[in-house]
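> Quick one: structure below, then a few questions.
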Amino acid sequence: MNVTIQEHTQSDSATTLVVSGEVDAYTAPQLREKLMPLTKQKQEIFLDLTAVEYMDSTGLGVLIGAYKSLRAQGGRLVLVGMSARLSRLLKITGLTEIIDIEDGA
Amino acid sequence: MKVQLYQQYRELITSYLQDKGEDTLYAAQQMSKWMMEHKIPPEEMVSAHAEVLKEYLPNLPKEVSDSFKILLEMMIGYGIALREHESLLNRQKELEYEIEVAVGMQQTLLPNHSPRMHGLDVGVISVPAHRMSGDYYNFVDHDHSSLGVALADIIGKGIPAALCMSMIKYAMDQLDHPTGGPSGVLGRLNSVVERNVDASMFITMVYGVYERENHKFRYATAGHEPGFIFREKDGSFEDMATKGLVLGVAKEISYEEFSIHLEPGDAVILFSDGVTEARVEGQFLGRERFKELVRQYMHLPAQEAVEAMYQSLYEQANYELKDDQTIMILRRPK
């Protein structure tokens with residue numbers, strides 16, 4: 001029941017966060033603490049979710065918070081490498097319509 | 001109290017030093033309990049011990065009696081910790097009481113009985129995982145000709161979700177005679193939620209209206225787990241079409257409306273994702289297994305059916321449901 005988050009800075013304006021493990025009510029605050037300050041500093045954040053085994057609605061809440069924060073200053077959030085289950089969750093919640101998604105690298 | 005304590009303690013020590021009896025040790029345990037009840041700090045015990053020992057052994061080396069002063073200082077910290085613990089216990093009792101009141105208030109946000117409508121059999125069950133629920137449902141009776149139903153799942157559980165629920169409830173109350181149908185209802189709720197919640201909060205919701213005259217269920221969804229339609233003629237299930245962003249994320253979203261025609265015996269089954277994400281033998285229950293569960297109880301009246309479904313789920317999940325569970329059935333009688 002752990003999450004690890006690694007940052008790979010690409011440039012002054014873009015960065016990638018590689019998330020692995022489970023993002024649920026217990027671990028979502030760790031993701032939020034890492035992600036939210038970056039939304040104020042960067043224009044583009046890529047969130048690599050390839051190694052995320054499970055994400056619940058609290059995790060989705062963090063993604064939405066980051067999306068809103070970036071959008072407010074003209075930036076964008078890009079989700080990369082989502083499992084079938086996560087894709088379904090984003091499709092049902094309608095988030096695929098507003099958040100950019102790219103296939104795994 | 002001090003003198004009495006001192007005398008009792010002296011008796012204990014004297015008796016124990018003479019016969020090393022088990023019953024004296026037991027008496028010491030009892031005395032220790034009594035002291036905690038009477039909030040006597042541990043340093044007083046050390047001080048009593050030193051006094052008794054000096055009296056019992058007049059030739060007690062000075063080093064030994066002096067060393068008790070160190071022990072006494074050490075115990076003062078424990079005494080403070082004990083008092084803090086007590087004050088936390090009291091605080092916890094107050095919080096318990098406040099939560100109890102909040103639980104009662106939350107109950108008043110939910111309808112206190114399923115609506116009785118000629119030409120529609122309605123059943124609903126909603127059970128929180130903890131004390132307060134993040135699932136919400138409501139019925140809106142439109143002059144007996146149609147019935148509005150809402151089922152919402154607020155992100156998170158507990159108190160924050162419950163506070164958000166009250167907002168949905170009062171926003172819905174403002175929509176007494178909704179114009180624009182289910183799409184209009186969700187559109188208006190979305191703008192209320194979007195303006196009023198924290199950035200990482202959102203709500204999934206399905207809102208539908210059953211029209212008694214033409215047996216139509218018109219609905220729209222906002223990111224909610226799709227429900228099923230049960231077809232009486234062959235016992236099959238159809239997944240309800242869904243499209244629409246969760247409430248609270250973006251402004252001015254429009255929600256598409258869908259429509260289903262119910263034949264006699266057909267039913268609409270709505271639920272929160274706590275149901276399909278219940279863990280049964282280490283796996284999510286999932287939609288297919290939930291359909292099997294629903295099928296087993298469709299011979300019952302709607303209210304009895306949802307109760308039996310919940311009970312069966314609760315047993316299969318080994319009495320450990322980690323999320324709120326809501327199941328609603330709307331069935332056109334055979």
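> Bin all alpha-carbon pair distances of the stretch B:2-97 at 10 Å intervals from 0 and give each bin's fraction as a whole percent.
Bins of 10 Å from zero give 14, 37, 32, 11, 4, 1 percent of pairs.
> Still on this structure, I have one more. Please state the equivalent ellipsoid semi-axes for the stretch B:43-102: what are the square roots of 5 times the Cα gyration tensor eigenvalues, largest first, in whole Å?
Largest first, the stretch B:43-102 gives 42, 10, 4 Å.
> Whole percent per 10 Å bin, from 0 to the bin with the longest distance: what is P(r) over all C-alpha pairs of the protein assembly as shown?
Histogramming the protein assembly as shown at 10 Å steps yields 4, 17, 23, 17, 11, 9, 9, 7, 3, 0, 0 percent.
> Using the eigenvalues of the Cα gyration tensor, what equivalent ellipsoid semi-axes result for the stretch B:185-238 when each is taken as the square root of five times the eigenvalue, whole Å, largest first?
Gyration-tensor ellipsoid for the stretch B:185-238: 30, 15, 5 Å.
> Here's another thing I want to ask about it. In terms of modelled amide H atoms, which long-range or inter-chain residues lie less than 5 Å from the amide H of B:Lys322?
B:Arg279
> Would any residue of the stretch A:61-105 have its amide N under 16 Å from a label point 7 Å out along Cα→Cβ of A:Glu53? List them or say none.
Under 16 Å, as judged by backbone N against the label point of A:Glu53, lie A:83-86 of the stretch A:61-105.
> Here is a further query. Percent of Cα-Cα pairs per 10 Å bin, from 0 to the last occupied bin, for chain B, please list those.
The distribution over chain B is 5, 20, 23, 13, 7, 8, 10, 8, 4, 1, 0, given as percents.
> Most mobile of B:Glu225, B:Glu211, B:Glu63 per a Gaussian network model of chain B (Cα springs, under 10 Å)?
Ranking B:Glu225, B:Glu211, B:Glu63 by mean-square fluctuation puts B:Glu63 first.
> Got a sec? Which residues in the stretch B:189-224 would a label at A:Arg71 touch, if it sits 7 Å along Cα→Cβ and we count backbone N under 20 Å?
Only B:189-206, B:221-224 fall inside the zone, counting backbone N under 20 Å.
> When chain B is modelled as a GNM with alpha-carbon springs shorter than 10 Å, which of B:Leu53, B:Leu151, B:Leu262 fluctuates the most?
Judging by the Gaussian network model, the answer is B:Leu53.
> Once the Cα gyration tensor of the stretch B:272-318 is diagonalised, what are the square roots of 5 times its eigenvalues, in whole Å and ordered largest first, as equivalent ellipsoid semi-axes?
18, 10, 9
> Search the structure for amide H atoms under 5 Å from the amide H of A:Ile101, placed 1.01 Å from N in the peptide plane, and list their residues when 5 or more places away or on another chain.
Those qualifying (amide H under 5 Å, at least 5 residues apart or on another chain) are A:Leu79.
> Moving on to the next point. Dimensions of the stretch A:13-102 along principal axes (Cα, Å, largest first)?
Computed over the stretch A:13-102, the largest-to-smallest principal extents equal 30, 26, 18 Å.
> Let me ask another. Average partner chain C-beta neighbours within 10 Å, per residue of B:239-247?
3
> Further, regarding this structure: Anything over 31 Å Cα to Cα? Flag those among B:Lys69/B:Lys93; A:Lys34/A:Lys91; B:Lys216/B:Lys291; B:Lys93/B:Lys322; B:Lys233/B:Lys322, in the order listed.
B:Lys69/B:Lys93; B:Lys233/B:Lys322
> For A:Gln6 and B:Ala241, what is the calculated FRET efficiency with R₀ set at 25 Å and r taken between the beta-carbons, to the nearest 0.05?
0.05
> So, one more: For the stretch B:129-144, just list the computed ³J(HN,Hα) in residue order, Karplus coefficients 6.51, -1.76 and 1.60, θ = phi - 60°, integers in Hz, with x standing in for Gly and Pro.
With coefficients 6.51, -1.76 and 1.60, one gets 6, 10, 6, 10, 9, x, 9, 9, 9, 7, 10, 10, 8, 9, 6, 6 Hz.
> Let me ask another. Under a cut-off of 20 Å between alpha-carbon atoms, report the lysines in cross-link reach of A:Lys40, not counting same-chain residues fewer than 8 places apart.
Partners found: A:Lys68.
> If every alpha-carbon in the stretch B:212-325 counts as one equal scatterer, what log10 I(q)/I(0) does Debye give at q = 0.21 1/Å?
The computed values of log10 I(q)/I(0) come out as -1.21.
> List the lysines whose Cα sits under 26 Å from the Cα of B:Lys62, skipping any in the same chain fewer than 8 residues away.
Qualifying lysines at Cα under 26 Å: B:Lys2, B:Lys20, B:Lys54.
> Further question on the same structure: Points 7 angstrom from Cα along the Cβ direction at B:Glu86 and B:Glu263: gap in nanometres?
Simple spin-label model gives 7.4 nm for this pair.
> Can you find, among B:Ile13, B:Met45, B:Ala28, the residue sitting farthest towards the positive end of the charge dipole of the stretch B:2-97, where Lys and Arg contribute +1 and Asp and Glu -1 at Cβ?
The Cα lying farthest towards the positive end belongs to B:Met45.
> Once label points are set 7 Å from the Cα along Cα→Cβ at both B:Glu304 and B:Lys69, what is their separation, rounded to one decimal in nm?
For B:Glu304 paired with B:Lys69, the spin-label model returns 8.2 nm.
> For B:His130 and B:Phe284, what does the FRET efficiency come to when R0 = 22 Å and r is the distance between their Cβ atoms, rounded to the nearest 0.05?
With a Förster radius of 22 Å, E is 0.65.
> Calculate, in nm to one decimal, what B:Glu232 and B:Asp198 gain on full extension: separation in residues at 0.36 nm each, minus their alpha carbon distance.
7.9 nm
> Could you work out, residue by residue across A:24-36, how many beta carbons of other chains sit within 10 Å of that residue's beta carbon, and then give the average as an integer?
1
> Here is a follow-up. For chain B, with a Gaussian network of springs between Cα atoms less than 10 Å apart, report the residue from B:Ala302, B:Ala199, B:Ala129 with the top mean-square fluctuation.
Comparing B:Ala302, B:Ala199, B:Ala129 in the GNM, the peak value goes to B:Ala199.
> Follow-up. Mind checking the mean number of beta-carbon atoms from other chains within 10 Å of the Cβ atoms in A:60-72?
4
Here, each number is a calculation from the coordinates, and none is a lab measurement. Since the structure is predicted, the reported quantities are computational estimates derived from the model, not experimental observations. Reconstructed Cβ throughout: ideal geometry from the backbone, glycine too, with neighbour counts over all protein chains shown.
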